[in-house]
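To keep things clear, I will list the structure first and then write my remarks on it.
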Amino acid sequence: MPLDRDLQVRVMKAGRDLRLPAANDDGSGRAHLDGAAAWKEPGDIRVHAVSIPEQSEVALYTDIEVSTATEMYMEQGHIFRMKYAGPSLRRNPPSPVSFSGSNITTTNIVFPAGLSIPIRAGEVIHVHLDVINHSPYEISPMKQDVYVYYPVDPAC
């Protein structure tokens, strides 16, 4: 059965102030950010889809969670979680190839017709991040967009 309704999209901008130092031998360039972005809708909504595009052109590992929980890795509140590893730009390549392309470009979840995740009025949707910069370049800021799709009519 096709969906016959319009969806709105909320673009959550996560990590706007997050600075990741360049990688070095001691493994620096790591960050954990609970509440990297937050959104509170005044009315009830039903999440129908989430899209998270890869944002980096360097070797960046990112674990992203969209949740109503205030911290990452909690048992309750999950809406969507994904991981991506950016292109392989190596610090000291063993061969002349130092950039070998991207592993993932965009990850989506779209719920089948009739299914969605209800979010009550006033409940906060959070984006949480765990990131590791494996590249020889500082990333500042480390920006990550998260698109949350919900219907115009929350009863849908």
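The values are calculated or read from the model by the stated rules, or taken from the named source; none is laboratory data. Quick caveat: nothing in here was measured; it's all calculated off a predicted structure. No Cβ is skipped: glycine too gets one built from the backbone with ideal geometry, and neighbour counts run over all protein chains shown.
Tabulated results
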quantity: Yes/no for residue 23 being at pLDDT 95 or above and of a type in the set (A, V, I, L, M); calculated: no
quantity: Residues of the range 42-62 satisfying the condition of being modelled with pLDDT of 90 or more and part of a loop (DSSP other than H, G, I, E, B); calculated: 42, 43, 44, 48
quantity: Positions within the range 88-127 being assigned to a loop (DSSP other than H, G, I, E, B) and at pLDDT 65 or above, in sequence order; calculated: 111, 112, 113, 114, 115, 116, 120, 121, 122, 123
quantity: Residue count, the range 128-143 (criterion: farther than 14 Å from residue 81 by Cα, in contact with a Leu (Cβ under 6 Å, 6 or more places away or on another chain) and not in a loop (DSSP other than H, G, I, E, B)); calculated: 2
quantity: Count of the range 30-52 residues which are within 14 Å of the chain's Cα centre (by Cα), of a type outside the set (Gly, Ala, Ser) and crowded, with 20+ Cβ neighbours inside 10 Å; calculated: 2
